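Right, one structure below, let's go through it.
The values are calculated or read from the model by the stated rules, or taken from the named source; none is laboratory data. Values in this document were obtained by computation on a predicted structure and should not be read as measured data. Glycine also receives a Cβ, built like all others from the backbone with ideal geometry; neighbour counts cover every protein chain displayed. The area values use the complete protein model at the heavy-atom level, side chains included, leaving out ligands, DNA and RNA. Shrake-Rupley method; radii C 1.70, N 1.55, O 1.52, S 1.80 Å.
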Amino acid sequence: MGWLLFFLLPLAALANPAVRDTIIIDGKLLIVEQEVTYDTLQHPTPEKPKKRNYGNWRLGWQFEGGSAMSNLKFDLDGFESVNEFSGNSVRFGPAAGFSVLAEKKIRKGWTLNGAVGVDRWSAPIRTFDTTQLHDSLFRFYSPEKGRVDQITLYRYELGEEYDTLQLKMSESAVNINFFHFRLQGGKEVYLQKDRVFRFAAGAELLLALSSTIPNLIFIPNKGSQILQYQAENTYAIKKVLVVPRLEVGYRLRIDKSLWFDVGLFSKLLINPLEANNAPISLHGSTFGVSLAVLLYTSK
């Protein structure tokens, strides 16, 4: 009987997929059988946690400081502003601004930059107190830059006498505070992994918040009849301006996600004045240095 079991064991193993073993106790053969099952369900492997990605945004602030260039013109033949008459048709004043900005990398090497902030722009204007003008004023004369003299003419029975009196000059300014919206596109060139040269161009929408405007005096090239305009009745600051802007910069990584940016910028102001039936125009620009700190939200 034992030999029969010996031949049947392999056949039973093929018929029933199970784990079998044999144990002999006191000359008797015991068959130990354990059924084995297989898990046919597909369990997905756990995914590694993804790094947080905010879409290649850079957030930060920017400070601008520089010089405002201005040129006050009076478009009437025979008359000039005191600036122009005294040899300083182009004047320079202070300019500054502060912005909160957001920048997005839109494709390799290209960015889109938006910002909101405030600006201050100043245009210095030379003037003088008209009570200094002599009753015998014959004409005006400028012997050097920044100086205006009055030439007086005295007539006597025996002849005429000319005299030159220097006018005491003073200075006021057109000062404008703006709120700005900026939109510009930029190109980045990586010099090293943590150093970038960049170029940007775009425009700013300027909304005038407040301003100070002085009275204006225009001097004849010949003769003594000056033209004087009261600011509140003659001209005002435009409420809305669109200003083109250019910027180049160098960006340096200072921490894992922080970058420092230094740049040169220029903005062009095209006649920010609204004149009321007076041929007055003021053109200017701003140029200077910008400093910014940006947080990169993705690596």
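Of all residue pairs spaced 6 or more apart or on separate chains, those with beta-carbon atoms under 9 Å, a first member in the range 137-157 that is within 10 Å of GLY87 (Cβ to Cβ) and a second member that is of a type in the set (Phe, Trp, Tyr) and open to solvent by 100 Å² or more (accessible area, probe 1.4 Å) are VAL148/TYR141.
The strands (runs of 3 or more DSSP E) located wholly in the range 95-160 that include 2 or more residues which are of a type outside the set (S, T, N, Q) and closer than 30 Å to SER210 by Cβ occupy 110-128.
So which of LEU153, LEU137 ends up being touching an Asp or Glu at 6+ places or on another chain (Cβ under 7 Å), farther than 30 Å from VAL242 by Cβ and surrounded by 13 or more Cβ atoms within 10 Å (Cβ to Cβ)?
Only one candidate qualifies: LEU153.
Checking the range 117-126 against the condition returns no match, with no residue being at positive phi and open to solvent by 30 Å² or more (accessible area, probe 1.4 Å).
Take the conditions (1) open to solvent by 90 Å² or more (accessible area, probe 1.4 Å); (2) in a strand (DSSP E or B); (3) free of Cβ contacts under 8 Å to residues at least 60 places away in the same chain; LEU183 misses just one of them, which is (3). For first residues located in the range 259-271 and among the acidic types (Asp, Glu), partners that are in a strand (DSSP E or B) and lie 6+ apart or on another chain with Cβ distances below 7 Å form the pairs ASP261/GLY249; ASP261/ARG251; ASP261/ALA292; ASP261/LEU294. Output the residues belonging to the range 72-116 that are within 15 Å of the chain's Cα centre (by Cα), open to solvent by 20 Å² or more (accessible area, probe 1.4 Å) and of a type outside the set (A, V, I, L, M). Of everything in the range 72-116, those that are within 15 Å of the chain's Cα centre (by Cα), open to solvent by 20 Å² or more (accessible area, probe 1.4 Å) and of a type outside the set (A, V, I, L, M) turn out to be PHE98, LYS104, GLY114.
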